[in-house]
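One structure below.
Laboratory data are not the source of any read-out in this text; all were calculated from the coordinates shown. This one's a predicted model, so the numbers in the text were calculated from it and none came from an experiment.
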Amino acid sequence: MSQQQDFLRDAMRRLNLTRDAFSARLGVRRRALDTWLLPADSSESRSMPEMVERFVAEILQHESRNTDGAASNAPQRPLVQRISAEGKPQLLSVSQFDRDSLEDLFRVVDVMQPVARRQKVTRVLEGAVLGSLFFEASTRTRVSFGSAFCRLGGSVCDTTGFTFSSMAKGESIYDTSRVMSGYVDVLVVRHPEQGSVAEFARATNIPVINAGDGPGEHPSQAILDLYTIQREFSRLGKLVDGTHVAMVGDLKYGRTVHSLIKLLSLYRNLKFTLIAPASLEMPAHLLELVASHGHVIEQTPSLEDGLRGADVVYATRIQKERFAGEEIEGYTPEFQVRKALVDAVCKPDTILMHPLPRDGRPGANDLSVDLNHDPRLAIFRQTDNGIAVRMALFAVLLGVEHQVARSMRDAGWRSPSLVGPDDAVFDGLD
Ligand code: NCD
């Protein structure tokens, strides 16, 4: 059943069709399509007729012939080769992706979902060891990479902070990386300097994943953000093409928005409203890149103006730890994304996102907790999707993505179908 949902979701993604448009193309009622897309354990879920499945497969085949012309029968190079950096299986920047390779990755993410959601287990990475090196604060990125690796059957060795690593004794990035490469099969690295993870990657032939290099990039976060947007949009009947994304907060030092705006630029005709206090605006080179893809960018210090009519609101934390003596002005309580404002200027189907952590201390003016029971708040759907996305990245970089589906067994323990006490608000939406 989850295969049926994955198949239909992937088809809509490839054909770039909303649920309405897809059901019209298939000649079925929208309501029927919705029931085929419901989770298998939902009482309203239905199997799609075999004829529909064959028809969808035919449309996909026809479409790929039309777009690729004569090359359609040529085998695609493996995904790992198409996204490699300098010939190596690494993930340093979202620039390694184009729209096709992203959508191929999302197909692998869909396959991982039953394992990420603890219904199934797989051991495709049995015996493999992940080295996790975090030289900056982290909860979700470090733990979710570790959890994703364990759920594929591997084990994790990690070190956190400079104090407890030999870098405190003056060891270079080159030596650290080379030494670790003899111990583990893949490295996930977070480091406060931009470009530092690429330096780790140059010193090794094992896969390296950038888990955040200072204000540079955070590719896995942006990939899970985009995956979440696509999944939410699929339920809401929207497409990423033509959408309006509002980004709020520290756009200068926030690496998650740097990676996300690059990825979103791969789509067509987007409108970005960028809302940042003076001195924390999006770097000029990224504005140029986005504009060169033909997207519309509006910059404003007014939250009310920037959020009006947005399909996605992506709020971020002020990255005080990266300030080089700047004083931020204008980051007042009027800057806080809170329920009253969202109700006043956003739509019933706007989605509210944040990479987390949100700063809950007085005066922080981060995404407000008064939105916690609002179904538009997608922050925990983002964190949950992070497991499946990181599993997919490991599987692709280590070349086991095709073994996963046939390796799955039922999980031997019981876990709640909804892991959070407020998750029921979203039950059946997906
Ligand atoms: C972000 C980061 O570290 O860049 N967190 C994360 O990984 N989800 C955002 C932040 O720290 O504000």
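Structure above, values below:
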quantity	calculated
Flagged links, alpha-carbon separation over 21 Å, of K271/K347; K120/K238; K238/K271; K252/K339	K120/K238; K252/K339
Within a Gaussian network of the chain (alpha carbon springs, distance under 10 Å), most fluctuating of R190, R25, R202	R25
Relative contact order (%) - criterion: Cα under 8 Å, at least six apart; region: the chain	16 percent
For the chain, built as a Gaussian network whose Cα springs stay under 10 Å, the top-fluctuating residue of A276, A148, A168	A168
Highest-MSF residue in the chain out of G254, G170, G386 [GNM, Cα springs under 10 Å]	G170
Using θ = phi - 60° and Karplus 6.51 cos²θ - 1.76 cosθ + 1.60, couplings along the range 358-365 (whole Hz; Gly, Pro as x)	9, 7, x, 6, x, x, 6, 6
More than 34 angstrom apart: percent of Cα pairs within the chain	32 percent
